[in-house]
Amino acid sequence: MVFYKIEGNVDKSNDFDILKNDRSLNEIHDTAKAMAIKTEAYNLRFNGKQYIFISSIINEQITIALITKTVIDVKECVMSFLYEMGIEISEMLYEEITFNILGKMLARSDREGFVGDGDYIVEEFELSPLDSRFGRIKNIDEKIIEISSKQRIYTNAKSNLPASHIIAELDRIYQGKKMKGEIKGHPVHYILQNSDTSNLTIASDIFLEALYANRRIHNKRVCSLKVHTDARGPDRQLYNCVYRISVGGAVRVSFVLDDNGDDDSITASQMYLEAICEMTNRYKNSVLTIFMIPSKSDNTLRRIKEYLSDMTFVTITDTPVNKEKATEYFKNTAKKHGVRADNRLYNMLKYEDGYLESDLREMFDKWYSTKLKNQIFPQYSKMKICGAEVKKKAKGKAYDELNKMPGIEEAKKIINRAVKCHKAQKVFKVDDNRFSMNMVFTGNPGTAKTTVARLFARILRENDCVKTGVFVEMGRADLVGKYVGWTAKIIKKRYREAMGGVLFIDEAYSLLDDRSGSYGDEAINTIVQEMENHREDVITIFAGYTDRMEEFLERNPGLRSRISFHVPFPDYSTSELSEIADVISGNMDLTLSEDAKDKLSTAFDIARSEPDFGNGRYVRNVIEKARMNQMARILDMEYESVSKSDISTIEACDIEIPKSDKPKEVTLGFCG
């Protein structure tokens, strides 16, 4: 389906009523209505294959729109229509337009009365899913292909990487004969895979220009369909409509899908892929499809090939190039920018091969920005870049909460280092693959391991170091499945839930079993695999007793190597426990009297010697019990004598000294 816009000037000698200045509004409306009736009668003869109508007449300029499902002589069609309408024009110009523009022209024609019912035309051509009345299409972009010479197309291809793959396909396109008449079919379709989405668009533009020049497609208009998941599910009616209006042309399909789903399960992403592949197969001989896929979307690529196994694709991937090709790329790109490449740019190439276009583009952009500021516009050379002004210190409410916590000095130091590391990656554009933030928290119960992990997730989010800052907490019961094969699926699901945040596995050593090949081993092996697969998206934190965690790390050879930070959480000292008591009391709007503080210190000294001492948990239990004792005490007081201070103050008598379970030492001796 092709849409045209035609413009021309009405011949002044024409005795055309609507152009006469002395006409009233009612007379103009009656004339437009009569023209609408003629328009409808004229278009009936085409049996829904085409429709032509007047969009507007302003002074002596007339604008006409044409919808056609077949290849036609546009000029001849317009002249036939105007003859039927009794209009003569001069200097006719016509161009192919997007559906967006057609929708606006139809809305104006309907408003001014040149068509009887705009909605009828929409229904006649089955365009209602595109919301044609206002010319808006959700999740769809349109573009008119530029007409380029063969020399310009090849020149553009050679300035982009991987040029060899693109040029090889261009040679195949130009080897064939130019087709005439309707589209005979498409021998191949395209899969373009690149880490830079702008490169995908450039490569597809090159192919579309060449295909149009060789009459492999007849439409200049190309639809770009963005496929992403939502709660409503795939809009098959919309997809079908997009392909239907693209008959004779091309559709570019880009994906914003979850590519990390379980291969064996039916995910939402698979439903969308299946729906779009169904349309691709249905229209494979009349619509060219170009799939545009990010480099790391291997599952998406595999599933497309599975769904469309009987189709042939030309696949263009982001292939690494050597230093020589990279140097040539720099030289050509600098020339396009009107500058000369220098040693500062070439010296960025430190290896002999392995350069992707996205890497080279980033290097060039950094060099060019510096050259613009320091050489082309030296008046700005002393101004600092934004990265130099980024605060090095972490910030946010969670960071303040962490620093107020007593003890845990090593944890504070490591978390601060981790945040700085993330900031450095962002400011200096360091490759994310070089750093992993996976951690092990070791210490006894009640040493704030879980609390610090939660705060760490919030700190990363508040400092824009991660996307979501989500915190997913679990233990053995949350990870291990009941039957063989379930565990791997459960763990993969948990990692998907933690995307952009922290996955906290408490008492991770509970995954250990006495026998090899158990469910626990399956869980550990899968965790190691997922840590590698999601090294850029999920921070994994293991927690547990020091000695047991060492045994856990020894279980799988690949586990220890994926841990970047080992954070010890030592038992709290008596003074640190007293600080924790102050914090907990303050959060409960309570005040500890001096006698109460002294008694607490005594209580903490005794409790710390016990084998199962609970650290911070013990402090909370003591304060909560003291609060209960205090409430019981003031309830026994005379009501009128109870003050606000009595209600908010914990006294020494409210605190219970724990009894030691240690046996008392007995000295045995002999009397002489």
* If you roll a 1.4 Å probe over the heavy atoms of the protein chains, what accessible area per residue do you get for the range 165-245, in Å²? -> 43
* **Sites Glu401 and Val470, calculated FRET efficiency, Cβ-Cβ separation with R0 25 Å, nearest 0.05** => 0.85
* When the convex hull of the C-alpha atoms of the range 33-135 is computed, what volume per residue in Å³ does it have? -> 100
* Asked: If amide H atoms are built 1.01 Å from N in the plane of the peptide, which residues on other chains or at least 5 residues away come under 5 Å of the amide H of Ile316?
  -> Ile191, Leu192, Gln193
* Check Glu142: other-chain or 5+ apart residues with amide H under 5 Å from its amide H, H built from backbone geometry? -> Ser224
* **Long-range amide H partners of Ser56 with built H, under 5 Å** => Thr63
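Once you list every other residue whose beta carbon is under 12 Å from the beta carbon of Gly8, what net charge do they have if Lys and Arg are +1 and Asp and Glu are -1? Before the final figure, lay out the partial values.
Numbers: positive: Lys5, Lys75; negative: Glu7, Asp11, Glu60, Glu88, Glu91.
Spelling it out: positives minus negatives among the neighbours equals -3.
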* Once you have a ≥ b ≥ c as the square roots of the Cα gyration tensor eigenvalues for the range 594-656, tell me rounded if a/c is under 1.5, and otherwise prolate or oblate according to whether a/b is larger than b/c. => prolate
* **the range 578-593-the range 440-465 distance, computed between alpha-carbon centres (Å)** => 22
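State which entries of Lys226/Lys335; Lys366/Lys423; Lys467/Lys493; Lys69/Lys184; Lys599/Lys625 exceed 23 angstrom in Cα-Cα distance in the structure shown. Could you put the intermediate results ahead of the total?
Details: Lys226/Lys335 34 Å; Lys366/Lys423 18 Å; Lys467/Lys493 18 Å; Lys69/Lys184 15 Å; Lys599/Lys625 14 Å.
In this structure, Lys226/Lys335 exceed 23 Å between Cα atoms.
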* **Between the range 607-632 and the range 519-574, the Cα center-to-center distance that results, in Å** => 31
* Structure fact -> Surrounding charge for Phe46, neighbours by C-beta under 15 angstrom, Lys/Arg +1, Asp/Glu -1, total -1
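The values are calculated or read from the model by the stated rules, or taken from the named source; none is laboratory data. Just so it is clear, the structure is predicted and the values come from calculations on it, not from any experiment. Don't worry about glycine lacking a Cβ; one is built from the backbone with ideal geometry, like all the others, and counts go over all protein chains shown. Each accessible area value is taken on the protein alone, full model and side chains, heavy atoms only, with ligands, DNA and RNA left out. Shrake-Rupley method; radii C 1.70, N 1.55, O 1.52, S 1.80 Å.
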